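Only one structure is covered here, and it is reproduced in the block below.
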Amino acid sequence: MKWITAMLLLAMVSCSTQKKVSKENYEVIMENNETFLKGEISRQILETDSSCRWFNETYKYVNPAQDAIDVFAKNKDKFKMLVFGGTWCEDTHNLLPLFYKLADMSGYDAKNIRMIAVDRSKKSTTDIAEKYGVTNVPTFIVLQNEKEVGRVVEYGKYGAIDRELKEIIERL
């Protein structure tokens, strides 16, 4: 009887279903009653995809520091942002809306933000996450002339990504 129970458990685990729907630059992954995105996504996708309802809800309540807004605004033509996040990840749910509000309030051009959604193993639809050594999400990478000049991983060293991004951008 014990081996039958063990076999049934093994069968249930090995039958976890994963369904992928390919879009233009990203995939919608449906796995174990959870939906997440993988690949290059846009702000519009974050705002409209039903699996990203958290984005608009959190965006309403976050407020970046004014000094960070000022530094972003003053230097907005000097850098680009490469952002890695997991639409399944609570830290991304908390921090990505704050980042976008910082960008919005500073007048930072959305064309300068490249957003890459990764799966739980920190892989995307291309090798870009591996190229940049992404091990945790979200990861915010500041680029100048296509070269990395700094990054903030998850909550960073202060627990305030806006403050840490401000420090990186001030040095440009």
Problem set entry | the range 126-161, residues that are more than 16 Å from F99 (Cβ to Cβ) and buried (at least 19 other Cβ atoms within 10 Å of the Cβ) | A129
For this session: Check A73 against each of (1) aliphatic (A, V, I, L, M); (2) over 15 Å from the mean Cα position of the chain (by Cα); (3) within 23 Å of E24 (Cα to Cα) and name the one condition it does not meet.
Result: (3)
Exercise. Which numbered condition trips up S121, out of (1) under 16 Å from I41 (Cα atoms); (2) surrounded by fewer than 16 Cβ atoms within 10 Å (Cβ to Cβ)?
Worked result: (1)
Problem set entry | Options D67, D49: the member that is under 20 Å from S124 (Cα atoms) and either open to solvent by less than 70 Å² (accessible area, probe 1.4 Å) or of a type outside the set (A, V, I, L, M, F, W, C) (or both) | D49
For this session: Would you check if V83 is under 25 Å from E47 (Cα atoms), modelled with pLDDT of 95 or more, in a loop (DSSP other than H, G, I, E, B) and of a type in the set (V, I, T)?
Result: no
Seminar exercise, completed: If you go through E47, E57, E24, the only one that is touching a Pro at 6+ places or on another chain (Cβ under 9 Å), farther than 22 Å from N136 by Cβ and outside any strand (DSSP E or B) is E57
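Results for (1) modelled with pLDDT of 60 or more; (2) loosely packed, with under 10 Cβ neighbours inside 10 Å; (3) in contact with a strand residue (DSSP E or B) (Cβ under 8 Å, 6 or more places away or on another chain), shown as yes or no for each residue.
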position	(1), (2), (3)
L9	no, no, no
V21	yes, no, yes
N25	yes, no, yes
V28	yes, no, yes
E31	yes, no, yes
Q44	yes, yes, no
N56	yes, no, no
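The values are calculated or read from the model by the stated rules, or taken from the named source; none is laboratory data. Since the model is a prediction, treat every value here as computed from it, not as a measurement. Note: ideal-geometry Cβ built from the backbone for every residue, glycine included; neighbour counts use all protein chains shown. Accessible surface areas use protein heavy atoms only, side chains included; no ligands, DNA or RNA. Shrake-Rupley method; radii C 1.70, N 1.55, O 1.52, S 1.80 Å.
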